[in-house]
Amino acid sequence: MPGVLVVVAVAAEADAVLGRRPGRPVTRGPYQAVTASGVTVLVGGVGPARSAAATGTVLAVERADLVVSAGVGGGFAGRAGPGDLVVADRVVHADLGAGSPDGFLPVDRLGLGEATAVLDAGLVARAAAATGAVVGPVVTVSAVTGTAERAAELAAAHRPAAEGMEGAGVLAAAAAHGVPFLELRAVSNPVGPRDRAGWDLPGALARLGPAVWALAAAASPVGGIR
């Protein structure tokens, strides 16, 4: 770095982003990452806690110009389906809060913080134009949605386009260090009952890599990324 820090959850997503580009392994605190052409790809782990810890540690060692939470995700019916790309205009930490007899209470209704972050409209617009992505809210969950009832509840509460497990964590770290943030999801499956036979992980991973590079080139403040 400086440049774009791309945080993914698992090695398969990192491989998809890097493709055949020659990369240079780098050490950032206790984490290993790969840098190629101004983009540093970090496997931060699954879930908001691990991704926040990894992102925050790396940014404390060396600043980035832009942080991108990228990976495969689920799409909400009517908003995004398998094969689509989604760029978040809002990030919602959808399961941070408390249960109640009247339903789920998000953390902001408990007076304990904000569950939703609105992202920079200019950055989002440039990223969407470069990738051809659907623009909409992306919900972060610690447990992937596996029922139609929960999918409907999330859809009614947030009108989301996609679901992931890391965005809110990566965003929290980026915000703490004052670094611009984007989230990109390549949709592999509908959000709802788990039907692995209907998932298209290879297709989503194939779309993820080119989209990350297009997004980085369009949205990076430093430019010149290919």
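The values are calculated or read from the model by the stated rules, or taken from the named source; none is laboratory data. Here the structure is a predicted model, which is why all the values come from computation and not from measurement. No Cβ is skipped: glycine too gets one built from the backbone with ideal geometry, and neighbour counts run over all protein chains shown. Just the protein is used for accessible areas: all its heavy atoms, side chains included, with ligands, DNA and RNA removed. Shrake-Rupley method; radii C 1.70, N 1.55, O 1.52, S 1.80 Å.
Points to keep in mind about this one:
- When the criteria are applied in full, residue 95 fails the requirement of being among the acidic types (Asp, Glu) and over 30 Å from residue 193 (Cβ atoms).
- Selected residue [more than 15 Å from residue 173 (Cα to Cα) and part of a strand (DSSP E or B)] from 41, 68, 91: 41
- Taking the criterion of being surrounded by fewer than 22 Cβ atoms within 10 Å (Cβ to Cβ) and not in a loop (DSSP other than H, G, I, E, B), the residues of region 1-32 that qualify are 11, 12, 15, 18, 24, 25, 26, 27, 28, 31, 32.
- Test: residue 103 is of a type outside the set (Ser, Thr, Tyr), farther than 30 Å from residue 40 by Cα, outside any helix (DSSP H, G or I) and open to solvent by less than 50 Å² (accessible area, probe 1.4 Å): yes
- Neighbours by Cβ (under 6 Å, 6+ apart or cross-chain): first from region 198-215, under 15 Å from residue 133 (Cβ atoms) and touching a residue at least 60 places away in the same chain (Cβ under 8 Å); second open to solvent by less than 30 Å² (accessible area, probe 1.4 Å) and part of a helix (DSSP H, G or I): 208/16; 209/16; 209/17; 211/131; 212/17; 214/131; 215/127; 215/131
- Candidates are the residues of region 62-93 that are farther than 12 Å from residue 162 by Cβ and among the acidic types (Asp, Glu); the one that is surrounded by the fewest Cβ atoms within 10 Å (Cβ to Cβ) is 62.
- Filter result for residue 96 (at pLDDT below 95, closer than 23 Å to residue 178 by Cβ, out of contact with any Asp or Glu (no Cβ under 7 Å at 6 or more places or on another chain) and buried (at least 19 other Cβ atoms within 10 Å of the Cβ)): yes
- With a requirement of 2 or more residues that are open to solvent by 30 Å² or more (accessible area, probe 1.4 Å) and modelled with pLDDT under 95, none of the strands (runs of 3 or more DSSP E) lying completely within region 110-211 satisfies it.
- Residue check, residue 59 of a type outside the set (S, T, N, Q), more than 25 Å from residue 161 (Cβ to Cβ) and either open to solvent by less than 40 Å² (accessible area, probe 1.4 Å) or assigned to a strand (DSSP E or B) (or both): yes
- Test result for residue 46, open to solvent by less than 10 Å² (accessible area, probe 1.4 Å) and within 23 Å of residue 138 (Cβ to Cβ): no
- The residue pairs whose first member lies in region 129-148 and is within 15 Å of residue 74 (Cβ to Cβ), whose second member is among the aromatic types (Phe, Trp, Tyr) and in a loop (DSSP other than H, G, I, E, B), and whose beta carbons are closer than 9 Å, counting only pairs six or more residues apart or on different chains, are 136/76; 139/76.
- Any hit, region 172-192, residues being over 27 Å from residue 63 (Cβ atoms), β-branched (Val, Ile, Thr) and touching a residue at least 60 places away in the same chain (Cβ under 8 Å): yes
- Residues satisfying the stated conditions in region 107-118, i.e. under 16 Å from residue 137 (Cβ atoms) and either in contact with a helix residue (DSSP H, G or I) (Cβ under 8 Å, 6 or more places away or on another chain) or without any contact (Cβ under 8 Å) to a residue 12 or more places away in the chain (or both): 108, 114, 115, 116, 117
- Taking the listed residues 37, 51, the one that is open to solvent by 30 Å² or more (accessible area, probe 1.4 Å), under 21 Å from residue 220 (Cβ atoms) and of a type outside the set (Val, Ile, Thr) is 37, with no other qualifying.
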